[in-house]
1. Within the range 45-77, take every residue that is surrounded by 10 or more Cβ atoms within 10 Å (Cβ to Cβ) and of a type in the set (D, E, K, R) and give me the one that is modelled with the lowest pLDDT.
2. Looking only at residues in the range 13-29 that are more than 16 Å from the chain's Cα centre (by Cα) and of a type in the set (Val, Ile, Thr), which one is surrounded by the fewest Cβ atoms within 10 Å (Cβ to Cβ)?
3. Among (1) hydroxyl-bearing (Ser, Thr, Tyr); (2) at pLDDT below 90; (3) assigned to a loop (DSSP other than H, G, I, E, B), where does Tyr15 come up short?
4. Might you let me know whether the range 31-44 holds any residue that is at pLDDT below 90, at negative phi, surrounded by 11 or more Cβ atoms within 10 Å (Cβ to Cβ) and part of a helix (DSSP H, G or I)?
5. So which residues in the range 18-30 are among the small types (Gly, Ala, Ser) and not in a helix (DSSP H, G or I)?
Amino acid sequence: MECVNNNSTFNYARYRKEFIETIGEPFTFDRTPYPTKPNGDTIYVAEKLYIKWRDEYDPNQRFWRFHYHQNQCDDSEEDVFDL
């Protein structure tokens with residue numbers, strides 16, 4: 001999105017390095033145990049996630065609109081993961 005906003009060339013080598021260092025390796029080596037069975041009302045959680053994120057994806061443009069709403073967050077809104 002930075003390249004689109006600044007009309008600049010995408011630096012794939014930089015992206016790949018940053019992605020691997022900040023997301024790829026930590027995810028790969030993380031050994032945090034996660035539950036394997038549902039906890040709570042999964043339909044309720046799915047509905048909240050859908051309502052929260054349904055307007056963020058434009059299927060015609062095939063990208064997420066995070067950049068549009070980045071500074072328009074309402075901190076008073078319930079976080080779906082704190083249900």
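1. Arg65
2. Within the range 13-29, the subset more than 16 Å from the chain's Cα centre (by Cα) is 13-18, 20-21, 25-26, 28-29.
Subsequent filtering for residues that are of a type in the set (Val, Ile, Thr) retains 20, 28.
Working: Ile20: 12, Thr28: 8.
The extreme case among them is Thr28.
3. All conditions are met except number (3).
4. No, there is no match, as no residue in the range 31-44 is at pLDDT below 90, at negative phi, surrounded by 11 or more Cβ atoms within 10 Å (Cβ to Cβ) and part of a helix (DSSP H, G or I).
5. none
Residue-by-condition table, conditions (1) among the charged types (D, E, K, R); (2) touching a residue at least 60 places away in the same chain (Cβ under 8 Å):
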| site | (1), (2) |
| --- | --- |
| Asn5 | no, yes |
| Gly24 | no, no |
| Phe29 | no, no |
| Asn39 | no, no |
| Lys48 | yes, no |
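The values are calculated or read from the model by the stated rules, or taken from the named source; none is laboratory data. From a predicted model like this one, the values you see are computed outputs, not experimental measurements. Cβ sites come from the backbone with ideal geometry, for glycine too, and all protein chains shown count toward neighbours.
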